[in-house]
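First the structure, in the form of C-alpha cells, and then the observations on it.
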Amino acid sequence: MTQALRSGRSGRVLSVGRLYCDLIFTGLPKMPTLGEEVFAGGLSVKPGGGAFITAAYVAALGRPASLASALPSGLFAAALIPDLEASRVDLSVCAPSPDTLDPQITVAMASGNERAFLTQRAGPAVPAGFEAALASGRFSHLHIGELATLVEEPSLVRLARAAGLSVSLDCSWDEAVLARDDLAGLIASVDIFLPNETEADRLGITASAPPPAPLTVVKRGAEGSVAISAEGAVSVKARPVEVVDSTGAGDAFNAGFIDAWLAGLPVERCLQAGNRCGAEAVTRIGGASDLPDLDRLPAERA
Ligand SMILES: Nc1ncnc2c1ncn2[C@@H]1O[C@H](COP(=O)(O)OP(=O)(O)OP(=O)(O)O)[C@@H](O)[C@H]1O
Ligand SMILES: [Mg+2]
C-alpha cells in the first residue's frame, strides 16, 4: 500500500459483511452445561457483526462510514432498525432481506472471563448494489468484517482495488473457514489483516515469521496489540480498564487502527488508537449502540 492512497482524515470507509441481531446474555452465574438451565442477570438486543460495529466506531471517531449489509426484515427489523438509524453510519448501500429469509442472530453468553457464541447465518453476506456503490467513487477504504465474507465473495478485493480503495480484513472465528487450505492468497491480497490472538494462533502467525498480509495486526485482549510487517513487530500494551462486556472489542479496535492508518500515522500510533477503541468497547454492554464522540489521536503524518 502506498502512502499516496492513504486518505487523510476525511476519506469514507465502506464496511461490508453480515449484520446480526446480537442477543447478549450477561451476568451468567456459570456457563450452561448439557441438561441444566442457567439464568442470566441481563439481556441486551443490539445490532452486531463486525461490519456494523467497526463502521459505528469509525463514524464515532468522526470519519464518514457506510455499511454494506443485508438489513433484517420482520420482527428483527423492528428490533434493530431504530438503533441502526440512530448510529452515524450511512445505510444507503444496505439492501433489505426478503421476508422469507431466516433472521441472522448471534446469541452471546458471558460469564466472568468466559464467552460463548451461537450464530445463525442466512442469505448472501454482500448486498446487491455493492459493486455499483464501489464504482461510485465515494469511498477511500473497504473493511471486510469477516474472513468468511471474503471466502464467499473472493472478488471483493479486486473490485475494491479497481475502484482505488485500500482494504482491511478482520478474521473472526469460523472453524470451517479456518480449516480451508486456500486462505493464504486471500489474506495476502489485503493491506491490513486483523485477527485476534486465538485466530492468529490457528493460522500459525507469529511475530518472528513473515506476516500473511503486508500489515498483520494481532489483537491480544487485555495485553494490547502487535503489528507485524516486513519491518518487524511493534507492540503496544493496553491501558487497564474494568471489563463490562467484551463483545465487539476487536471490531472497535479495527476502527481506531484503520482511522489512524488512513490518516497516515505511524504503526505504533495506529495500535494506540486501536487499543483506545477496544478499551472503550469493553467498558460498555453490547456492540456499538449510543456511542459518544470518541477521541482521536492528533493527525500529524508519519
Ligand atoms: N480487558 C481489556 N482491557 C483493556 N483493553 C482491552 C481488554 N480487552 C480487549 N481490549 C482491547 O480491545 C482489543 C481487542 O480485543 P480482543 O483481543 O479481545 O479482540 P477480539 O477477540 O477480536 O474481540 P471480539 O471478536 O469479541 O470483537 C485489544 O487488542 C485491546 O486493545
Ligand atoms: Mg474478533
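The values are calculated or read from the model by the stated rules, or taken from the named source; none is laboratory data. A quick note: this is a predicted structure, and the numbers were derived from the prediction, not measured. Cβ sites come from the backbone with ideal geometry, for glycine too, and all protein chains shown count toward neighbours.
Summary of computed values
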item	result
Close pairs from the range 241-256: first under 11 Å from A288 (Cα atoms), partner within 12 Å of ligand 2 (Cβ to nearest atom) and part of a loop (DSSP other than H, G, I, E, B), Cβ under 8 Å, at least 6 apart	T247/G287; G248/G287; D251/G145; D251/G287
Residue match in the range 129-138 (condition: part of a loop (DSSP other than H, G, I, E, B), surrounded by 12 or more Cβ atoms within 10 Å (Cβ to Cβ) and among the aromatic types (F, W, Y))	no
Flag if E268 is outside any loop (DSSP other than H, G, I, E, B) and away from ligand 2 (no atom under 16 Å from the Cβ)	yes
Given (1) more than 24 Å from G123 (Cα to Cα); (2) in contact with a helix residue (DSSP H, G or I) (Cβ under 7 Å, 6 or more places away or on another chain), number of the condition A162 does not satisfy	(2)
Qualifying positions in the range 253-269 - in contact with a Leu (Cβ under 9 Å, 6 or more places away or on another chain) and more than 6 Å from ligand 1 (Cβ to nearest atom)	N254, A255, G256, F257, I258, D259, A260, W261, A263, L265, V267, R269
Matching residues, the range 175-196, being part of a loop (DSSP other than H, G, I, E, B), without any contact (Cβ under 8 Å) to a residue 60 or more places away in the chain and over 19 Å from G48 (Cβ atoms)	A179, R180, D181, D182, S189, V190
Identity of the residue in the range 191-250, among the aliphatic types (A, V, I, L, M) and near ligand 1 (Cβ under 7 Å from one of its atoms), that ends up farthest from the chain's Cα centre (by Cα)	V241
Number of the condition not met by S168 [criteria: (1) in contact with a Lys or Arg (Cβ under 6 Å, 6 or more places away or on another chain); (2) within 15 Å of ligand 1 (Cβ to nearest atom)]	(1)
Test: residue in the range 153-174 that is over 28 Å from R12 (Cβ atoms) and either away from ligand 2 (no atom under 16 Å from the Cβ) or in a helix (DSSP H, G or I) (or both)	no
Pick from the range 271-298, criterion within 15 Å of ligand 2 (Cβ to nearest atom), among the aliphatic types (A, V, I, L, M) and in contact with a Phe, Trp or Tyr (Cβ under 8 Å, 6 or more places away or on another chain), ranking: modelled with the highest pLDDT	A281
Selection count, the range 113-145, where residues are touching a residue at least 40 places away in the same chain (Cβ under 8 Å), among the hydrophobic types (A, V, I, L, M, F, W, C) and farther than 17 Å from M31 by Cα	8
Pick from the range 102-112, criterion touching a residue at least 40 places away in the same chain (Cβ under 8 Å) and under 23 Å from E199 (Cβ atoms), ranking: surrounded by the fewest Cβ atoms within 10 Å (Cβ to Cβ)	V107
Looking only at the range 104-120, and only at residues there that are at pLDDT 90 or above, away from ligand 2 (no atom under 16 Å from the Cβ) and not aliphatic (A, V, I, L, M), the one that is nearest to L75 (Cα to Cα)	Q104
